[in-house]
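Undergrad: The structure's right below; bear with me while I get my questions together.
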Amino acid sequence: MNEALPGRTPENGDSLVKVKEEDPTWEQTWGSWESSRQAQELCRLRFRQFCYREVTGPREALAQLQELCRQWLRPETHSKEQIVDLLVLEQFLTILPEELQARVQEQPPESGEQVVAVLEDLQKDTGDLGQQASVYTQGQDMYPLVTEYQGASLECQSLQLLPRVTTLKCEPPELCQGNPQEVSEQRPPRSLAPGDPCGDSAQGKVTKVHLMAEEVVTKDGLFNAKKETSQEVEHGAEAPGIPDRNCVPQPPCTSVRMERTVAHLNTLKDRHPGDLWARMHISSLEYAAGDMTRKGRKKDKARVSELLQGLAFSGDSDVEEDNKLEAHHAQKKLKMSNVPEKNWAKRDIKPSFPSWSALDSGLLNLKSEKLNPVELFELFFDDEIFNMIVNETNNYASQKNVNLEVTVQEIRCVFGILLLSGFVRRPRRGMYWEISDADQNLVRDAIRRDRFELIFSYLHFADNSHLDQKDKFTKLRPLIKQMNRNFLLYAPLEEYYYFDKTMCECFDSDQFLNGKPIRIGYKIWCGTTTQGYLVWFEPYQEESTVMVDKDLDLGLGGNLVMHFADVLLERGQYPYHLCFDSFFTSVKLVSALKKKGVRATGTIRENRTEKCPLMNAEHMRKMKKGYFDFRVEENEEIILCRWHGDDIISLCSNAVGIEPASELSCSADEDDIHQIAQPSIVKLYDECREGVAKMDQVISKYRVRIRSKKWYSILVSYIIDVAMNNAWQLHRACNAGTSLGLLDFRRYVAHFYLEHNANLSD
């Protein structure tokens, strides 16, 4: 076997190639060692560049990582010291500058000591740059990208998949460019004449190793690249040739025309459509183009971004998206330039809103009518809603070829059982007909179990033939609209309202809300009174159905608050006062509400304060409790206040400021109780923010426990519980001092539906 061994470059810069004849036994040993090195390198790359999305679950991901790590480090054959040396060597190579990495990787080291020896030699002789292996990209500028000689580096192979990268495979550093036709026609002889140092044996060895590396990569599943790629490289233009003594050393890399690369990529794309192609190539390149991307190196991030932009199969969609993104940024900058600069001054706010003087005539009428609990509940679930449920349920059953013929009387029986399940709980709903007691006898006398199961399974609220596919909750939309209309119609007319988000418990949902008693379920936007009466609600979905003025550019939270303000203003142009948390609050939102004549107060995040020069939060923590700082925007008369209480809190308002300040008892321990100052804006927000929490507390006590297999049955149960909460709130307001408790109120309605709607004729 003939092998080209690197020799020292003479002082005149000419590169010599020494040829040595070896026996077949040594060739086999060298080939097995080379293959083992490549396999170990591939295992290391697969371990470092493993993507979580390539597997179906966390357990499989962990098992895959353990196996890849074992294949790389080989604990069954390596000692602890050897494994530590491998890890240290990898990190050592990572932290080296690019030019030093290239020189070291010409002959991949096996230990850190070898790296140190190479670097020390380079310090002595820094002029020898003829053997550096580089890959170049074409364009207006040339960017060197260092690769490994063996061709086993996934980074080098990833570059082959990019249409704007014209180089693919790297050749031995001793070879330089020559006549490509001469190379392709020759066959590697058994031996070389000493006078011909640029024979074909080295070229054939490189081609063999190159194909072997591609085959290993294909079997391991990193990329499904074809061997024809390397063959295209061999016979394509600009292939490396055999230099003579007068040749000038060139970068030892092979290039392929862009058209051929694009055609090959499109062929691979057709063979691997959809997500598989993206997982095999885009994900590997994005997450694995270099371990350094995860270590915060900006140059690698820029490099990955540049490479991803050049993917051949992206088509014109990427260009269009980039153009849209640039247009969006340009439009945003234009809007920002049109916004006048804020003028902050340290003074108290001077609100210009009229005082609250509205009279709640609706509540007075309810007091005079002296409605019982059932009549209060049916203010919301009125005859119109019951008839709608009956019609849609029968229509859905007929679509399924079932002759149901349910009646309003039976629907009320179903509602009675659902309300009963809130305070009479059974492990399974069939037990409501099996156990003999007072409540169970009511159920058995009201409706048969099979009839209840049949009605409950076909319970429907919308026509399936007229559904809005863009609305995730279209099957409940008629019910949601009717309930919101009735909630607003009979809501107490109050000055203060609180807007927040809550959760409807559902363990099949992927929505999560931290800081709430129920954290997993359907997220629901809701506006309530300070006592917990729900005025308006809307389930969360990615594409919100709430329509507002898009020119305001308030974001999701701001748009919801503006819609709730419009809902309140439907009852009359009163100076309502809305409170909300930092998810919704911004100076722009508070200003927009002021233009509508609505007062607003809310906590605000640091990045939304419009460069208001308030005292830094960290500095304020060093001050005594009760200390506060504030500023007023003089153009729009909006105040921002930062207060040190139990924690640092920042608030924004267009209607309430610092005065009149009050005193608040604060205790560091049981023996040390002292008074601290509390601005008026802080006190008002603390009093109003409990509205949604009070509603959640009432609902959680006796919520409906019976559910069907339909995904929306949980939301239907939530709406029933909310209607019961609102009816009880009205009952308390109309019967101050003599009102029923929540349990007695709910029991009254459930027993009434079961006792007065018995129907066993079927």
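The values are calculated or read from the model by the stated rules, or taken from the named source; none is laboratory data. This structure is a prediction, so every number in the text was calculated from the model and none was measured. Because the Cβ atoms are built from the backbone with ideal geometry, glycine has one as well, and the counts that use them run over all protein chains shown. Each accessible area value is taken on the protein alone, full model and side chains, heavy atoms only, with ligands, DNA and RNA left out. Shrake-Rupley method; radii C 1.70, N 1.55, O 1.52, S 1.80 Å.
Undergrad: If you stretched the chain out fully between residue 541 and residue 709, how much longer would it get, using 0.36 nm times the residue separation minus the C-alpha to C-alpha distance?
TA: Result for the pair: 58.4 nm of gain on full extension.
Undergrad: Let me ask another. Pick out, from 446, 456, 474, the residue whose Cα sits farthest towards the positive end of the charge dipole of region 434-478, with +1 on the Cβ of Lys and Arg and -1 on the Cβ of Asp and Glu.
TA: Value: 474.
Undergrad: Something else now. Considering only Cα-Cα distances, which of the following residue pairs are longer than 26 Å: 588/625; 481/694; 624/683?
TA: 588/625
Undergrad: What is the distance, in nm, between label points placed 7 Å from the Cα along the Cα-to-Cβ direction at residue 739 and at residue 700?
TA: A separation of 2.0 nm, rounded to one decimal place.
Undergrad: Quick one: 3J(HN,Hα) in Hz for region 679-693, Karplus 6.51/-1.76/1.60 with θ = phi - 60°, rounded, Gly and Pro as x.
TA: x, 4, 5, 6, 4, 5, 5, 5, 6, 9, 6, 8, x, 5, 5
Undergrad: Kindly sort 755, 67, 494 by accessible area of their heavy atoms, largest first, with the probe set to 1.4 Å.
TA: 755, 67, 494
Undergrad: Here's a follow-up. Taking a spot 7 Å from the Cα of residue 87 along the direction of its beta carbon, which residues of region 37-53 have an amide N less than 16 Å from it?
TA: 44, 47-48
Undergrad: Taking a ≥ b ≥ c as the square roots of the eigenvalues of the Cα gyration tensor of region 66-108, is the shape rounded (a/c under 1.5), prolate (a/b larger than b/c) or oblate?
TA: prolate
Undergrad: Under a point-charge model restricted to the Cβ atoms of Lys and Arg (+1) and Asp and Glu (-1), what is the dipole moment magnitude of region 531-662 relative to its Cα centre, in debye to the nearest 20?
TA: Numbers: 16 positive and 20 negative charges, 99 e Å.
Charge dipole of region 531-662: 480 debye, to the nearest 20.
Undergrad: A follow-up question, please. Using R₀ = 30 Å, calculate the FRET efficiency as 1/(1 + (r/R₀)^6) where r is the Cβ-Cβ separation of residue 531 and residue 425; round to 0.05.
TA: Plugging the Cβ-Cβ distance into 1/(1 + (r/R0)^6) gives 0.65.
Undergrad: Starting from the residue with the highest accessible area, list 629, 551 in decreasing order, probe 1.4 Å.
TA: Numbers: 629 10, 551 125 Å².
If we order 629, 551 from most to least accessible, we get 551, 629.
Undergrad: How much length is gained if the chain between residue 79 and residue 624 is pulled fully straight, taking 0.36 nm per residue apart and subtracting their Cα-Cα distance, in nm to one decimal?
TA: 190.3 nm
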